[in-house]
Amino acid sequence: QVQLVESGGGLVQAGDSLRVSCAASGRTFSSYAMGWFRQAPGKEREFVATITGSGDNTNYADSMKGRFTISRDNAKNTVYLQMNSLKPEDTAVYYCTAERQGPISNYASWRYWGQGTQVTVSS
């Protein structure tokens, strides 16, 4: 069992940067991949980024490449999502997820989820 708790969301202006965090507990953190998804009102949950257990490999949704960076600190059992040059369309609840079996961009592939943290980008 893995428990995930996100933090760091908030209200920012377009062009600003924000880092959200996700603290994990319950199992050896480095043994599983982590990911971020987001969901805007009225839209489906959307893949953002993923990182392997070791942190050696990352993948991003095309629309986030170059602006978002996923990283992890296995000593702190925490994964981060650094978001730069934020746009109003980035407004969403950002969810942390862990342990994947299946395609990385399919939310059904992921087993554990946090409660989400709201990110709002004003224009």
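We did not get these values from a lab; they are worked out from the coordinates using the rules stated. Quick caveat, the model's predicted, so the values are computed rather than measured. Here the Cβ is made from the backbone with ideal geometry for all residues, glycine too, and neighbour counts use every protein chain on show.
Farthest toward the dipole's positive end in the chain, which of 41, 30, 15, given Cβ charges of +1 (Lys, Arg) and -1 (Asp, Glu) about the Cα centre?
Most positive-ward Cα: 30.
In whole Hz, what ³J(HN,Hα) sequence does the range 29-37 give by Karplus (6.51, -1.76, 1.60; θ = phi - 60°), x for Gly and Pro?
4, 6, 8, 9, 6, 10, x, 10, 10
Please pull out the direction-averaged projected area of the chain, using the convex hull of its alpha-carbon atoms, in nm² to one decimal place.
Seen from a random direction, the Cα hull of the chain projects 6.8 nm² on average.
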